[in-house]
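Beneath this line is the structure, given in C-alpha coordinates, with notes to follow.
The values are calculated or read from the model by the stated rules, or taken from the named source; none is laboratory data. Bear in mind the structure is a predicted one, so any value in this text is a computation, not a measurement. Glycine also receives a Cβ, built like all others from the backbone with ideal geometry; neighbour counts cover every protein chain displayed. To get the accessible areas, we keep the full protein, side chains included, count just its heavy atoms, and leave off ligands, DNA and RNA. Shrake-Rupley method; radii C 1.70, N 1.55, O 1.52, S 1.80 Å.
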Amino acid sequence: MRPQRFEDTLKALLQQSGGQVKKVAPARDAGWDRNPFGLAVTYQTGARVLLQIIATSADGEKYDQPEGAPAEGETALAPVPVPDVFDSGKVQLGLVDQHLAALLVNSGSRELARVEAYSSEPEAHNAIKYGVRATYHDGSRINVYVVHALPAGRSDWPRGGEFSVPFAV
(Lines give C-alpha, C1' and ligand atoms only; values in the text may rest on other atoms or scores of the structure.)
Protein backbone atom coordinates (compact mmCIF):
# COMPACT_ATOMS: atom_id res chain seq x y z
CA MET A 1 0.00 0.00 0.00
CA ARG A 2 1.39 3.34 -1.02
CA PRO A 3 0.88 6.39 1.20
CA GLN A 4 -0.90 8.47 -1.48
CA ARG A 5 -3.38 5.70 -2.23
CA PHE A 6 -3.94 5.19 1.49
CA GLU A 7 -4.54 8.93 2.02
CA ASP A 8 -7.10 8.94 -0.80
CA THR A 9 -8.79 5.82 0.60
CA LEU A 10 -8.98 7.13 4.17
CA LYS A 11 -10.27 10.49 2.97
CA ALA A 12 -13.07 8.78 1.03
CA LEU A 13 -13.95 6.53 3.99
CA LEU A 14 -14.18 9.54 6.31
CA GLN A 15 -16.29 11.51 3.83
CA GLN A 16 -18.70 8.57 3.53
CA SER A 17 -18.78 7.80 7.26
CA GLY A 18 -21.99 9.59 8.11
CA GLY A 19 -22.85 12.63 10.17
CA GLN A 20 -19.82 12.80 12.47
CA VAL A 21 -17.39 14.28 9.94
CA LYS A 22 -18.03 17.71 8.46
CA LYS A 23 -14.94 18.11 6.24
CA VAL A 24 -11.79 16.20 5.27
CA ALA A 25 -8.86 17.80 3.47
CA PRO A 26 -5.25 16.86 2.77
CA ALA A 27 -3.14 18.25 5.62
CA ARG A 28 -1.06 20.32 3.20
CA ASP A 29 -4.25 22.08 2.02
CA ALA A 30 -5.16 22.79 5.66
CA GLY A 31 -1.91 24.57 6.50
CA TRP A 32 0.26 21.62 7.62
CA ASP A 33 3.30 21.12 5.40
CA ARG A 34 5.67 19.19 7.64
CA ASN A 35 4.89 15.83 6.06
CA PRO A 36 3.85 14.88 2.54
CA PHE A 37 0.85 12.78 3.62
CA GLY A 38 -1.88 13.44 6.13
CA LEU A 39 -5.44 14.60 6.59
CA ALA A 40 -7.16 17.38 8.49
CA VAL A 41 -10.55 16.24 9.75
CA THR A 42 -13.20 18.70 10.92
CA TYR A 43 -16.00 17.16 12.97
CA GLN A 44 -19.58 18.41 13.26
CA THR A 45 -18.72 20.14 16.56
CA GLY A 46 -16.06 22.23 14.77
CA ALA A 47 -13.21 20.36 16.48
CA ARG A 48 -10.30 19.56 14.16
CA VAL A 49 -7.88 16.64 14.20
CA LEU A 50 -4.64 16.47 12.22
CA LEU A 51 -3.61 13.01 11.06
CA GLN A 52 -0.10 12.21 9.84
CA ILE A 53 0.37 9.23 7.50
CA ILE A 54 3.67 7.36 7.60
CA ALA A 55 4.31 4.35 5.38
CA THR A 56 6.71 1.43 5.57
CA SER A 57 6.99 -0.14 2.16
CA ALA A 58 6.82 -3.83 1.40
CA ASP A 59 10.18 -5.55 0.92
CA GLY A 60 11.59 -4.58 -2.46
CA GLU A 61 8.94 -1.91 -3.10
CA LYS A 62 10.31 1.19 -4.80
CA TYR A 63 8.16 4.31 -4.65
CA ASP A 64 9.78 5.71 -7.79
CA GLN A 65 8.36 2.75 -9.76
CA PRO A 66 4.69 2.13 -10.65
CA GLU A 67 2.78 0.26 -7.98
CA GLY A 68 2.30 -3.41 -8.73
CA ALA A 69 -0.88 -5.43 -8.30
CA PRO A 70 -2.01 -5.43 -4.66
CA ALA A 71 -1.53 -8.60 -2.61
CA GLU A 72 -4.84 -9.77 -1.19
CA GLY A 73 -5.98 -12.25 1.41
CA GLU A 74 -8.76 -14.74 0.71
CA THR A 75 -11.33 -12.65 2.56
CA ALA A 76 -11.68 -9.17 4.00
CA LEU A 77 -11.40 -8.62 7.74
CA ALA A 78 -14.56 -9.33 9.72
CA PRO A 79 -16.68 -6.18 10.16
CA VAL A 80 -16.64 -4.42 13.53
CA PRO A 81 -18.94 -1.83 15.14
CA VAL A 82 -18.06 1.78 14.23
CA PRO A 83 -17.90 3.90 17.38
CA ASP A 84 -19.29 7.40 17.68
CA VAL A 85 -16.41 9.84 18.24
CA PHE A 86 -18.53 12.12 20.42
CA ASP A 87 -19.01 11.83 24.17
CA SER A 88 -20.56 14.63 26.21
CA GLY A 89 -20.55 16.85 23.11
CA LYS A 90 -16.79 16.60 22.57
CA VAL A 91 -14.61 14.63 20.19
CA GLN A 92 -12.84 11.93 22.23
CA LEU A 93 -9.42 11.17 20.76
CA GLY A 94 -9.48 7.56 21.97
CA LEU A 95 -12.66 7.13 19.97
CA VAL A 96 -11.19 8.89 16.92
CA ASP A 97 -8.52 6.23 16.39
CA GLN A 98 -11.03 3.45 17.05
CA HIS A 99 -13.37 5.08 14.51
CA LEU A 100 -10.56 5.24 11.93
CA ALA A 101 -9.65 1.59 12.58
CA ALA A 102 -13.28 0.48 12.20
CA LEU A 103 -13.67 2.40 8.92
CA LEU A 104 -10.59 0.65 7.53
CA VAL A 105 -11.66 -2.79 8.75
CA ASN A 106 -15.18 -2.33 7.38
CA SER A 107 -13.95 -1.06 4.01
CA GLY A 108 -13.99 -4.62 2.68
CA SER A 109 -10.42 -4.35 1.41
CA ARG A 110 -8.85 -7.77 1.02
CA GLU A 111 -5.44 -6.06 1.02
CA LEU A 112 -5.67 -5.51 4.80
CA ALA A 113 -4.18 -8.19 7.04
CA ARG A 114 -4.61 -6.40 10.38
CA VAL A 115 -5.71 -3.03 11.80
CA GLU A 116 -4.92 -1.79 15.33
CA ALA A 117 -6.11 1.34 17.16
CA TYR A 118 -3.36 2.63 19.46
CA SER A 119 -5.82 3.56 22.20
CA SER A 120 -6.88 -0.09 22.38
CA GLU A 121 -3.29 -1.14 23.15
CA PRO A 122 -1.75 1.84 25.02
CA GLU A 123 1.14 -0.21 26.46
CA ALA A 124 2.28 -1.11 22.94
CA HIS A 125 2.42 2.52 21.76
CA ASN A 126 3.95 4.53 24.60
CA ALA A 127 5.11 7.60 22.71
CA ILE A 128 1.96 8.21 20.67
CA LYS A 129 -1.38 7.84 22.43
CA TYR A 130 -3.74 7.93 19.48
CA GLY A 131 -3.31 6.43 16.04
CA VAL A 132 -3.86 3.43 13.82
CA ARG A 133 -1.54 0.84 12.33
CA ALA A 134 -2.72 -0.91 9.17
CA THR A 135 -0.72 -3.95 8.08
CA TYR A 136 -1.17 -5.21 4.53
CA HIS A 137 -0.76 -8.64 2.98
CA ASP A 138 2.17 -7.40 0.88
CA GLY A 139 4.09 -6.63 4.10
CA SER A 140 3.67 -2.86 3.94
CA ARG A 141 2.43 -0.92 6.95
CA ILE A 142 0.73 2.43 7.32
CA ASN A 143 0.72 4.31 10.61
CA VAL A 144 -1.77 7.12 11.08
CA TYR A 145 -0.75 9.35 13.97
CA VAL A 146 -2.98 11.93 15.65
CA VAL A 147 -0.57 14.88 15.59
CA HIS A 148 -2.79 17.70 16.88
CA ALA A 149 -6.36 18.21 18.03
CA LEU A 150 -7.99 21.64 18.18
CA PRO A 151 -11.26 22.64 19.79
CA ALA A 152 -13.91 24.48 17.77
CA GLY A 153 -12.87 28.03 16.94
CA ARG A 154 -9.11 27.35 16.72
CA SER A 155 -7.76 27.23 13.20
CA ASP A 156 -3.95 27.33 13.23
CA TRP A 157 -2.04 24.13 13.91
CA PRO A 158 0.55 24.75 16.62
CA ARG A 159 4.25 24.47 15.85
CA GLY A 160 5.64 22.04 18.37
CA GLY A 161 3.88 19.78 20.82
CA GLU A 162 3.19 17.15 18.18
CA PHE A 163 1.42 14.06 19.52
CA SER A 164 0.69 15.73 22.87
CA VAL A 165 -3.02 15.87 22.25
CA PRO A 166 -5.72 16.27 24.87
CA PHE A 167 -8.18 13.53 25.78
CA ALA A 168 -11.05 15.45 24.18
CA VAL A 169 -11.69 18.62 22.13
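Inspect all residues belonging to region 116-131 and state whether any of them is farther than 18 Å from residue 41 by Cα, among the β-branched types (Val, Ile, Thr), at pLDDT 95 or above and open to solvent by 10 Å² or more (accessible area, probe 1.4 Å).
no
Residue 76 - would you say it is in contact with a Lys or Arg (Cβ under 6 Å, 6 or more places away or on another chain) and surrounded by fewer than 22 Cβ atoms within 10 Å (Cβ to Cβ)?
yes
Could you please find all residues in region 1-26 being within 22 Å of residue 85 (Cβ to Cβ) and open to solvent by 50 Å² or more (accessible area, probe 1.4 Å)?
8, 9, 11, 15, 16, 19, 22, 23
What are the pairs, 6+ residues apart or on separate chains, where a residue within region 6-18 that is more than 13 Å from residue 43 (Cα to Cα) has its Cβ under 8 Å from a residue that is modelled with pLDDT of 95 or more and aromatic (Phe, Trp, Tyr)?
6/37; 7/37
Of 33, 29, 87, which residue is of a type outside the set (S, T, N, Q), open to solvent by 70 Å² or more (accessible area, probe 1.4 Å) and over 21 Å from residue 145 (Cβ atoms)?
When all the criteria are applied, what remains is 87.
When you look at residue 62, is it among the basic types (Lys, Arg) and either crowded, with 16+ Cβ neighbours inside 10 Å or in contact with a Ser or Thr (Cβ under 7 Å, 6 or more places away or on another chain) (or both), yes or no?
So residue 62 does not fit the description; no.
Please find, among 164, 109, 140, the residue that is over 28 Å from residue 33 (Cα atoms) and not hydrophobic (A, V, I, L, M, F, W, C).
Answer to the selection: 109.
Among (1) open to solvent by 20 Å² or more (accessible area, probe 1.4 Å); (2) touching a helix residue (DSSP H, G or I) at 6+ places or on another chain (Cβ under 9 Å); (3) aliphatic (A, V, I, L, M), there is one condition residue 113 misses while meeting the rest; what is its number?
Single failed check for residue 113: (2).
Just for strands (runs of 3 or more DSSP E) wholly inside region 77-157: which have at least 1 residues that are touching a Gly at 6+ places or on another chain (Cβ under 9 Å) and either in contact (Cβ under 8 Å) with a residue 40 or more places away in the chain or not basic (Lys, Arg) (or both)?
Passing ranges, in order: 112-117, 141-150.
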